[in-house]
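For reference, the structure is listed below as C-alpha cells.
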Amino acid sequence: MEYNHKEIESRWQQYWKENKIYKTEIDSSKPKYYVLDMFPYPSGAGLHVGHPLGYIASDIYSRYKRLNGFNVLHPMGYDSYGLPAEQYAIQTGQHPEKTTFENIDRYRSQLDKIGFCYDWDREIRTCDPSYYKWTQWAFMKMYGHYYDRTADKALPIGDLIAHFEKEGTSGVNAACGKEMEFTAAEWNGMSPKEKSDTLMNYRIAFLADTMVNWCPKLGTVLANDEVSEGLSLRGGYPVEQKLMYQWCLRVSAYAQRLLDGLDTIDWTDSLKETQRNWIGRSEGAEMRFPIAGSDIELEIFTTRADTVFGVTFMVLAPESAYVDMITTPEQRQAVEAYLDEVKHKTERERMIDKKVTGVFTGAYAVNPLTGKNIPVWVSDYVLAGYGTGAIMAVPAHDSRDYAFARHFDLPIIPLIEGADVSEESFDAKSGKMINSASSELDLNGMEVKEAIAATKRFIEEKGIGKVKVNYRLRDAIFSRQRYWGEPFPVYYKDGIPTLLPEDSLPLELPEVDKFLPTETGEPPLGRAKNWQTAEGYPLELNTMPGFAGSSAYYLRYMDPRNNDALVSKEADEYWQDVDLYIGGTEHATGHLIYSRFWNKFLYDLGVVCRDEPFRKLVNQGMIQGRSNFVYRIKDTNTFVSAGLRKQYDTTPIHVDVNIVSNDVLDTERFRAWRPEFKDAEFILEDGKYVCGYAVEKMSKSMFNVVNPDDIVDRYGADTLRLYEMFLGPIEASKPWDTNGIDGVNRFLKKLWGLFYKGDNLLVSDEPASKEALKAVHKLIKKVTADIEIFSYNTSVAAFMICVNELTQLKCHSREALEPVVVLIAPFAPHIAEELWHALGHDTTVCDAQWPVCNEEYLVESTVNMAVSFNGKARYNIQVAADASREEIEKIALANEGAAKWIEGKQVRKIIVVPGKIVNIVVG
RNA sequence: GCCUGAAUGGUGGAAUGGUAGACACGAGGGACUUAAAAUCCCUUGGCCAUAGCGGCUGUGUGGGUUCGAGUCCCACUUCAGGUACCA
C-alpha cells in the first residue's frame, strides 16, 4: 500500500466517531485535565488556514495528556450570538438563526476533516435556549447581589435591604455608583420606586444613566473593548458619547481582585500587563476645594498631592454636575455655548483635533492649603468618567495642564528645583520641592515621593480629603439595542424593573417581522408580538451583549445537559478549572476580563470552587496571508516575471495564491482564472513565471485565503497539522506560506516507508539495534520535553531526524517503531492509528501508553570535547563519558604536548565542564 | 508618550552561557528515466583557498561582564503588538 491519506483519514475519523473514542465522563480513578480552545464565532466566510492553529496545538496537548493517563476534557462549541449575523439578517431578511446554523454546519464539517479529539456530545451554542437559560440565570443572580467591601465578596441584596431597614446607610461599605447617606427612617419612608432606584446604586447588575459608546450606524451601544480609536471594531463606524439608561455590570467592584488574581495564574507577562493597564490602578488622594462664596465643595482626584501649591486653576469635565452648580450668571451663556459645541463633537473628532478648548465658569475655588482663590474652568480634556470628573491643574508639572495654561494665559508656578518650565512642563516624579510651604505644611526640600506622602497625611488629618485608589476599569455596559442576543429576564411593573421567576427561564427570544429598530426608535424586540408577561407587564426590549454568552461557557462544558444547574457540584468539583486555555490575544481586555469577573462572582456565590477560571493560557499568533502578484506591462495583456519587472513599466495585480506554487504561476490556470486574462502573454525567466509576494491580512479581496479543506484534500489532515506546527512557535504571528508543506508530506511518506514497501508489511519482531534504540529514545526525550513547553516546531524536526536515522539504519523492528507511532499520535493521529493497527494492535492508539525515555540508551561510552587554549587552536579530545574533572584536564593537557607551558606561557587556569568544552587559559 | 515583545542565511526558523545556523523550504549539481513527475545522493551564511588540509569573518548598532556571549548587563536603532487627554 502506498500512503493514501484520503482513505486512511476518512476511515479512522469514522471509526472514532462510531465508537465514541473521545467521549469523556467523570472518572475519579484518573486525574483530570481540561484543555479548552476559545470557541469560534461562526462567520459566513468559514474557516481559513489560520483558525485551526490554536486548535491543533490544543489537540496535540489533549492527546498527549490522555496518553499520559489523564482524563481529558476537550470540548468545542460556538459563540453564536453576534452582530455579523444580525447585520446580514437586516440586509437579506434571513433569520440570523438560519445563517448562524448554516455557518455552524460548515465550521463543523471543516473541523471534522482535521481530526480533532473533541467530545462533540458536549457541544454548546450560546444561542441555544438550554444554554442561555444559564446566562440569564447568572444575570438574575447579579441583579440579586451587591458587593460588600468589608466581606470583599458579593452578598445577597436582601442583606443590604435588612441593613437599610435597621440602620440606613450607616456602617455600609458597599461598591456603588455614588456614595449615599440616609437613615433607616428615610429608607422605610421611601416609595417602592425610590427604593428600587436606590438599590440600583448597589446591585451588581443594575440600571443606570451612563455615558455610553453609541454607534449610530449599528444602532447600538458598544462596550469599551468593542471600540478602538473612536471607531467600532465591527464595521469601523464612528462612535459617539451619549447618556443612556442602560443595564450595567459592576465589574469595577472586582477591580482589585482581578488585579491580585493575575499573580496566581500562569499567563504570559505581556498579557497580564495588558490586563493590569486595563484595570489601571492608581493610588492618589481625593481632595475638596470649597467654591468661594458658596457652600459647594469641588471634589477632585490627584496622584500628585505634592503639587497642591502649584494649582493655578481647576478644570471640570463638560459633563460634570458641578458645571451647572457653580457657573456664574455672567458666564452662563459662554459656558452653555461651549457645552453645546462639545456635545456635537464625536469621540473621534475630539481625538483627532487636539486643539485646546475650554471656558471659564466665572467661579473661584479656594486652595485649602494656601487660601488663595483660583479660577474654575470647563474643558473636554478632563473626562467625566474617571475620578470625580474634576481636576486641580498644575501646569508646571502636567503637560495637558501646561498646554491649557499657555493657551489661556494662566499662571505657571514651578515646584521642583531646577525644573525649566519655560517651554514645556516637567512631568517626572522626581526632584526636590520648592515654592511649597504654608504656615501649616512645608514641603520644601523634600523629594517628590516624600512630599506626596506628607501631603496625603496632612489632608487626612485636616479632613480636607482622603487617600483614594482609583481604577480605570469601568463597569461593563450590558444592554444592546439589538435582536440577536439573550433577552433579559426582566419586566417593568409600574416602571419598576422586576425579575421574572427563576423557574420561568429560559425567556426565549421572540420572533420579529424585521430586525430593525421600531419607528419610535425602540430596539428590534419592540416589534415582537405579546412581548409581555401574562399579567401584561412589558418585558425588557434590550438584549445582552456578545460577551454575556462567552463569559461562563467553560463551566457549561463540564455539565452541558444539566437542566437544573449551570454546573453540578459533582462536575464542578471534578473538573474544577481550565488547565490549559488556548486563544488569541485580541480577547485580553474583553472576554478574558469579563470571564474572570463572572467566575469570581459565581465563586462568591459558592457555585464554582475556583476563584480563577483559566490556570494556564497560551496565546497563539495570528496567521497572516501571503499574497502573490503578477506584473502586467502597462496598457498590454503581457505579464512579466518578477525578476524582470524592473525593465518595464508594470502594474502589480493580486493573483489567486491557489494557482501559484512556490511563487511560480501556473500560467494555464491563470488564463482560465478570469476572462480578461484568457489571452494573456508571459515574459518568463528560466522558463518560469515567478510571482512577487507580500504579507497582508488574509482576505478574499487579496486572493490570499487558503482554505484548510483544500490542503486536507491534497495532502491530508496529518500533513496540515504537522505543517501548521512546523511553521514556527505557536505564539508567533507569521504568514501562511504553502511553500514547504511538501517537506512535511515527504516525512510522513518516509514514516510510512518504515512500515510498508508496496503491499508488504516490513515490520519484524527482531530486536532493534543499539543505534535504532538510541535514535528512538532521543526522540522520546525531546518530544516529551517539547510538548510540555509547547515547542511543537522542534518536535516535528525531531521526528524528521529520527525517521531519517531509522530509514538509514533500515530499521523495521517493532521494538523501535512502536514508540515512534505513539509519539506521533498527538501530532498526526490518523497515520498513527493506521500504523498502530499495522503493528497488530486492535485497540485504538489513543489508549496507548506514552513511552518513557530510557537514558541508558543515550549514554555514550566516550564524549567528544572541544579543547581550546585561550579560546584559540580549538581541537577535539575523546574522554570517557564518566571521566572526572581531573582526568579530563590531564587528557586535555596531554594532547597539547602535556605541557604546563603553552607557546612559552604558563598555563594558569583550566576550566572543565564535563560534557561541554574545556578551555585552558595561559599567560 | 507609556507598556510588552522581537531583531540570527535567499526564506520559515534551531541553539540549559559552551563547535551558531538543527529541521525544512528554496537554489545549484548529480543518479534513475526516451522524457516528465516521483524518488534518492551531494553542495548551500559570507569572503579567501581549493588537488587536498584549511583560514578569516559572522546572530540590528556601540560598550561591558566572562576563560567563553545569539544568549547576561548598560546605552542606542529599527520593527511588531497593546494602550492613551486616566490627572
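The values are calculated or read from the model by the stated rules, or taken from the named source; none is laboratory data. This is a predicted model, so every value here is computed, not measured. Every residue, glycine among them, receives a Cβ derived from its backbone with ideal geometry; neighbour counts consider all protein chains shown. Side chains are part of the model used for accessible areas, which takes the heavy atoms of the whole protein and leaves out ligands, DNA and RNA. Shrake-Rupley method; radii C 1.70, N 1.55, O 1.52, S 1.80 Å.
Brief remarks on what is shown
- Net charge over other residues, Cβ less than 12 angstrom from the Cβ of A:Phe629 (K, R count +1; D, E count -1): 0
- Computed from the C-beta positions of A:Glu731 and A:Glu685, the FRET efficiency with R₀ = 51 Å rounds to 0.85.
- Residue-by-residue Karplus 3J(HN,Hα) for region A:391-399, coefficients 6.51, -1.76, 1.60, Hz, glycine and proline x: 10, 9, 9, 10, x, 5, 10, 8, 5
- Taking each residue as 0.36 nm, the span from A:Lys770 to A:Asn188 lengthens on full extension beyond its C-alpha to C-alpha distance by 200.7 nm.
- Take chain A with all the other protein chains still there, run a 1.4 Å probe, and you get 45 Å² of accessible area per residue.
- With all pairs of different C-alpha atoms in the average, the Kirkwood value for the hydrodynamic radius of chain A is 33.2 Å.
- With a cut-off of 13 Å between beta carbons, the residues surrounding A:Ala151 carry a summed charge of -1, where Lys and Arg count +1 and Asp and Glu -1.
- Under 5 Å between amide hydrogens, built in the peptide plane, is the criterion, and for A:Leu298 it picks out A:Phe289, A:Ile291 among residues at least 5 positions away or on other chains.
- For region A:150-260, convex hull of alpha carbons as volume per residue, Å³: 120
- Here the simple spin-label model places points 7 Å from the Cα toward Cβ, and for A:Val467 and A:Asp666 these points are separated by 7.2 nm.
- Using C-alpha pairs below 8 Å separated by at least 6 residues, the relative contact order for region A:711-773 is 23 percent.
- Apportionment of accessible area to carbon and sulfur, chain A, percent (1.4 Å): 49
- Close amide H partners of A:Ala174, meaning residues 5 or more places away or on another chain with modelled amide H under 5 Å apart, are A:Arg149.
- At q = 0.17, 0.18, 0.19, 0.24 Å⁻¹ the log10 of I(q)/I(0) for region A:28-143 amounts to -0.93, -1.00, -1.06, -1.31, computed by Debye summation with a single uniform scatterer per C-alpha, solvent ignored.
- Per residue, the average separation of C-alpha pairs within less than 8 Å and at least 6 apart gives chain A a relative contact order of 13 percent.
- Degrees separating the helix A:814-824 axis from the principal Cα axis of chain A, which is the longest one: 20
- The largest-to-smallest principal axis extents of the Cα set in region A:439-572 are 72, 48, 26 Å.
- For region A:237-245, Karplus couplings with θ = phi - 60° (6.51, -1.76, 1.60), whole Hz, Gly/Pro x: 8, x, 10, 10, 8, 8, 8, 9, 8
- Amide H contacts of A:Gly584: A:Gln620, each under 5 Å away and 5 or more positions distant or on a separate chain (H built 1.01 Å from N in the peptide plane; Pro and chain starts excluded).
- Stretching A:Leu231 away from A:Asp209 to a fully extended chain increases their span by 5.7 nm, per 0.36 nm per residue minus the current alpha-carbon distance.
- Translational diffusion coefficient (Stokes-Einstein; Kirkwood radius from C-alpha pairs) of region A:612-733 at 37 °C, 0.692 mPa s, in µm²/s: 201
- Each residue of region A:63-71 is assigned a 3J(HN,Hα), and the resulting list reads 5, 4, 5, 4, 5, 9, x, 8, 8 Hz, derived from the Karplus form 6.51 cos²θ - 1.76 cosθ + 1.60 (θ = phi - 60°), x at Gly and Pro.
- Distance (nanometres) between label positions extended 7 Å along Cα→Cβ at A:Glu676 and A:Glu424: 5.0
- Separation between Cα centres of region A:263-332 and region A:96-156, rounded to whole Å: 38
- Take A:73-83, A:418-428 and order them by the average number of nearby Cβ atoms within 10 Å per residue, most first; the result is A:73-83, A:418-428.
- Short-range pairs are left out: with C-alpha atoms under 8 Å and at least six residues apart, the relative contact order of region A:410-540 is 15 percent.
- Angle in degrees between helix A:96-112 and the longest Cα principal axis of chain A, rounded to the nearest 10: 30
- Length released on extending from A:Gln576 to A:Tyr15, taking residue separation times 0.36 nm less the Cα-Cα span: 198.9 nm
- Cα Rg, Dmax, region A:407-451, angstrom units: 11.6, 33
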